[in-house]
Every structure is written in structure tokens, then in C-alpha cells.
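Asks: Okay, here's the structure, questions in a sec.
The values are calculated or read from the model by the stated rules, or taken from the named source; none is laboratory data. All values derive from a computational prediction rather than experimental measurement. Counting neighbours? That spans all protein chains shown, and the Cβs are built from the backbone with ideal geometry, glycine included. Keep in mind that these areas ignore ligands, DNA and RNA; they rest on the heavy atoms of the full protein, side chains included. Shrake-Rupley method; radii C 1.70, N 1.55, O 1.52, S 1.80 Å.
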Amino acid sequence: MRFMLLAVTMLCGAAPVAAETLTIQGSDPASANTNDLIRISVDRFEGEDGGAVAQQLEAALGNAQFGGRPYFRIVAPESGAPIDGLVTGTTRASVDEVPVTEKRKKCTDYDPADKNKCVKEVDVDIRCRRRTIAVTTTARLVAIGDGSVRYTRPLSARDQQTWCPDRAASRTVDDYIDWAQRDQVQAIRRDLAPTGYSLDVRVDENRKGLAKPAAEAFKEAIRLTKSDPAAACRTWAGLTRDAEPTAALAFNLGLCTETAGEYDAAVDWYGQAQRLGSKNRDIGEGIARIDRQRRALADWDARKRLMGAN
């Protein structure tokens, strides 16, 4: 591995990233089995806000993409056109208010010499109101071809606010319900379609084990991550030609190869970093991230064949 040359030229067009990090871009796969469901309809959800929630979910699924292509073909349920999957659901919101009391300090005696200075306080009760908001949404996806339920998920959110004469509620009922329903829509969308991400991962700056010239080059590469990550990766790759990599160098090369989409090489570098004694928790996260990216890519390859036939 020490002689492996990295295809870091893929990084050359990347925008500058935050200090001492490399930017990893990828996708998490859908958790639901939707691979063969290309044409999707979202029916109106039951509940007072069901129409609005269904419209939000339809838009979210319609905007889902992979590789720059739409993941679903959204079909209006009223059109009667053929579909592969139908999403239905319910959404409910409840509001409950009860009176409560809270304790406050009240001054009963002030210093005669300083009217702003309290010398005696007592506890008094003040009347307040406590409001509890619950928002529940359940979504269900049925495959039309065989009638199987491919996905169902109940989601719930709860908010509790207490306000008093001296303290106002920090948000309105409508604001919280709107936020909760939007959040639940996004959770359903993440379950049904891949979710892309862009993640800045901090490089390992430990130069221990490197000879002085190599250590200086390693340090310069760290500096380059701020403005030219491709050059940083080329520098780290060059160091492996003349010496065995250290744990820190292996980890950084794992980030470089993952960024370039060379997932086999990235897993090898991360594994070598572990064998060399690195305790960096980002190693395990990187290996898991690559596994999810590979599953997302495999799902997309299978899906593209079906999309070409529809």
C-alpha cells in the first residue's frame, strides 16, 4: 500500500474547505424497500392538516435525486395513471392547557438607607399556564403490484411550554405544529429515498514517527487543506513512496481516497490506520459511511435499469 498512487486529481475542482478538514460527499441509502417503485403517488393524509402534509411529502419526494436524476416519478393520484407505489397516512395535532403555579421571591422589607436593597424576601405563588402540544404522523407505502406494505412508520413530537405573568411562551401553537409536521415529512422522505450529504472531517495532524523532512511536508499538507485539498492529498501520497505510513498518514490518505470515490482503497487505508494504533473514532465512522454509500450506489444501479424500462 505504501506505493499506492492516489487518483486525487478528482479533487482539483473542489472548493476550499474549512481549516484542517477534507470534505466527504456521499449518500445514505433509503431504509425502506423502494428499489422497484419508480412511479409514486401521495394521497391526501387523514386529519385537519392532511392535505398540507401530503403536499409537502409529495414535493419532498419529487425533489429527491441521485446522481443528478429524479429518484421518483411523481404521479397525481387523481390522474388514474399507472403507479408502482401509493403513500397514505394520517396526521393529528392536539393541544392541552392546564393551570399551574410557580414560586417567586417577593421582597417584603427594604433597607431604609437604600430603597433598592431588599433585606427580607418571602416565597409567593403566581398563576401560570402549561401547554402541551402533541403532533403525530403515520405514513404507509403500499406496492401496487403485489399489495405488500413496503413501509410504515409512526412519528410523534411533543412540546411543553409554561408561561406566567413574567414569562411569555417562546413559540406559538401554529409555529410548533408547522415545524413538527415539516420535520416528520423530512423523516419520511429520508426513509423512502437516498439522502445526500457533504461532511467536513478533520484530518489527523499527528506527525509522530515521521523523519524531519517528511514531518515538514506533512505539516505543509495540513496547511494546504485550507486552500488546496488536492495538493494536500498529493503531498501525503508522495510521502508513502519512501517510507512506511504512520497511523495519521494512513488515516488522512483514507480521507483522500474516500473523497475521490476510491472506496476499496479508502477502507484499506482506514484499516491500516487502525492496525498502526490509531484510536481516531472517525475511522469506524468512515468505514460505516463507505458501506452506506456503496449500498446507495448499488440500489441506484438496480433502479436505473428499471427506470430505463419505464
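Asks: Within region 259-283, take every residue that is over 19 Å from Thr23 (Cβ atoms) and not in a helix (DSSP H, G or I) and give me the one that is least open to solvent (accessible area, probe 1.4 Å).
Replies: Checked region 259-283; the qualifying residue least open to solvent (accessible area, probe 1.4 Å) is Ser278.
Asks: Which of (1) open to solvent by 40 Å² or more (accessible area, probe 1.4 Å); (2) part of a loop (DSSP other than H, G, I, E, B) is the odd one out, the single condition Arg234 does not satisfy?
Replies: (2)
Asks: Could you tell me whether region 265-272 includes any residue that is among the small types (Gly, Ala, Ser) and farther than 19 Å from Gly286 by Cα?
Replies: Scanning region 265-272, I find no residue that is among the small types (Gly, Ala, Ser) and farther than 19 Å from Gly286 by Cα, so the answer is no.
Asks: Something else now. Within region 54-72, can you find the residues that are assigned to a strand (DSSP E or B) and surrounded by fewer than 17 Cβ atoms within 10 Å (Cβ to Cβ)?
Replies: Selection gives Gln65, Arg69, Pro70.
Asks: Pull up region 98-151, narrow it to residues that are under 33 Å from the mean Cα position of the chain (by Cα) and assigned to a loop (DSSP other than H, G, I, E, B), then point me to the one that is nearest to Ile40 (Cα to Cα).
Replies: Looking at the filtered set, the residue picked out is Ile144.
Asks: Something else now. Can you give me the number of residues within region 30-53 that are part of a strand (DSSP E or B) and open to solvent by 40 Å² or more (accessible area, probe 1.4 Å)?
Replies: 2
Asks: Now a separate question. Return the total of residues in region 284-302 being open to solvent by less than 10 Å² (accessible area, probe 1.4 Å) and touching a helix residue (DSSP H, G or I) at 6+ places or on another chain (Cβ under 7 Å).
Replies: Within region 284-302, residues that are open to solvent by less than 10 Å² (accessible area, probe 1.4 Å) and touching a helix residue (DSSP H, G or I) at 6+ places or on another chain (Cβ under 7 Å) number 2.
Asks: Scan region 33-44 and give yes if some residue there is under 24 Å from Arg295 (Cβ atoms) and free of Cβ contacts under 8 Å to residues at least 24 places away in the same chain, otherwise no.
Replies: no
Asks: In region 73-88, which residues are part of a loop (DSSP other than H, G, I, E, B), under 15 Å from Val142 (Cα atoms) and open to solvent by less than 60 Å² (accessible area, probe 1.4 Å)?
Replies: Those that are part of a loop (DSSP other than H, G, I, E, B), under 15 Å from Val142 (Cα atoms) and open to solvent by less than 60 Å² (accessible area, probe 1.4 Å): Val75, Ile83, Asp84.
Asks: Quick one: Ala59 ticks every box in (1) out of contact with any strand residue (DSSP E or B) (no Cβ under 6 Å at 6 or more places or on another chain); (2) at pLDDT below 90 except a single one, so which number is it?
Replies: Answer for Ala59: the failing condition is (2).
Asks: Also, I was wondering about something else. For region 200-247, which residues satisfy the criterion of being among the small types (Gly, Ala, Ser), over 19 Å from Arg275 (Cα atoms) and without any contact (Cβ under 8 Å) to a residue 40 or more places away in the chain?
Replies: Ala211, Ala214, Ala215, Ala217, Ala221, Ala231, Gly238 - these are the residues of region 200-247 that are among the small types (Gly, Ala, Ser), over 19 Å from Arg275 (Cα atoms) and without any contact (Cβ under 8 Å) to a residue 40 or more places away in the chain.
Asks: Do you know which of the residues in region 117-149 that are open to solvent by less than 50 Å² (accessible area, probe 1.4 Å) and touching a residue at least 60 places away in the same chain (Cβ under 8 Å) is farthest from Ala168 (Cα to Cα)?
Replies: Ala143
Asks: Restricting the search to region 248-301, which residues are basic (Lys, Arg) and without any contact (Cβ under 8 Å) to a residue 24 or more places away in the chain?
Replies: Hits for region 248-301 are Arg275, Lys279, Arg281.
Asks: Quick check, is Cys164 surrounded by 14 or more Cβ atoms within 10 Å (Cβ to Cβ) and modelled with pLDDT of 90 or more?
Replies: yes
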